[in-house]
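Below: one structure, written as structure tokens.
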Amino acid sequence: MQKENIILENAKKLVQVKLAGEASGHDWWHIVRVRNMACKIALEEKADAFICQLTALLHDMADEKLNDKPDEELERIHFWLLEQNLSPTDADHVIRNIRTLSFKGNGKLVPDSLEGQIVQDADRLDAIGAIGIARCMAYSGSKGRPIHDPVMKPREQLTPEVYRNGQDTAIMHFYEKLLKLKDLMNTDFGRKMAEQRHQYLENFLEEFYAEWDGQR
């Protein structure tokens with residue numbers, strides 16, 4: 001237990017340095033929320049809380065939105081885990097989880113372990129509800145994307161390349177990703193948590209369009 005706590009503390013310090021000043025919604029506090037939610041789901045699902053926490057802490061370190069060479073960054077994270085005297089089996093487990101967490105256009109990637117599925121749920125829960133809306137706007141602003149353009153419509157059958165090409169708006173992102181997440185949850189607890197947050201998205205859009213059209 002002492003060894004695990006040391007590894008988690010070292011991971012925390014590593015991530016805080018990496019994400020210091022990040023303003024795209026993928027900041028340190030996103031990591032904190034995902035870690036806390038992953039712990040909560042892990043307790044409900046009787047999963048390995050240590051692997052869940054370590055995956056949650058490191059899950060954005062090699063994200064393609066934050067790195068020009070995500071594969072190289074993931075290799076560095078793998079090496080760092082081994083340097084922490086984490087067993088090769090556990091290090092491979094964490095890396096495998098991280099590789100399959102991202103939405104990447106269609107959201108069909110699912111980690112092959114319960115711990116990976118839990119962190120994926122926790123990460124997706126942070127993308128919906130009130131915080132999800134705030135993060136969507138922050139990310140769109142950081143990329144110079146408009147809030148809304150009625151001429152632009154949600155894109156269907158998105159490839160990862162099209163999904164990341166920036167030809168979208170914040171409101172389009174609701175339809176291309178956020179509103180899909182409720183039905184992509186892996187765990188019973190994740191699905192239960194997603195219901196209320198999804199409804200908040202629906203309520204927001206109703207108010208948004210009413211204000212946009214000058215009805216309220």
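The values are calculated or read from the model by the stated rules, or taken from the named source; none is laboratory data. Everything quoted here is computed from the prediction, not taken from an experiment. For neighbour counting, all protein chains shown are included, and Cβ atoms are generated from backbone atoms with ideal geometry for every residue, glycine included.
Within segment 24-56, restricting attention to residues that are among the aliphatic types (A, V, I, L, M) and without any contact (Cβ under 8 Å) to a residue 40 or more places away in the chain, the residue that is surrounded by the fewest Cβ atoms within 10 Å (Cβ to Cβ) is Leu43.
The conditions of being over 13 Å from the mean Cα position of the chain (by Cα), over 23 Å from Ile41 (Cβ atoms), of a type in the set (Gly, Ala, Ser) and modelled with pLDDT under 95 are not met by Ser87.
The residue that is nearest to the chain's Cα centre (by Cα), counting only those in segment 94-136 that are among the β-branched types (Val, Ile, Thr) and either under 19 Å from Ala47 (Cα atoms) or surrounded by 24 or more Cβ atoms within 10 Å (Cβ to Cβ) (or both), is Val119. Considering Gly116, Gly190, the condition of being at pLDDT 95 or above, closer than 21 Å to Cys52 by Cα and touching an Asp or Glu at 6+ places or on another chain (Cβ under 7 Å) is satisfied by Gly190 alone. Checking each residue in segment 1-25 for being among the acidic types (Asp, Glu) and within 17 Å of the chain's Cα centre (by Cα) picks out only Glu22. If the condition is being among the acidic types (Asp, Glu) and touching a residue at least 40 places away in the same chain (Cβ under 8 Å), then segment 1-23 contributes Glu4, Glu22.
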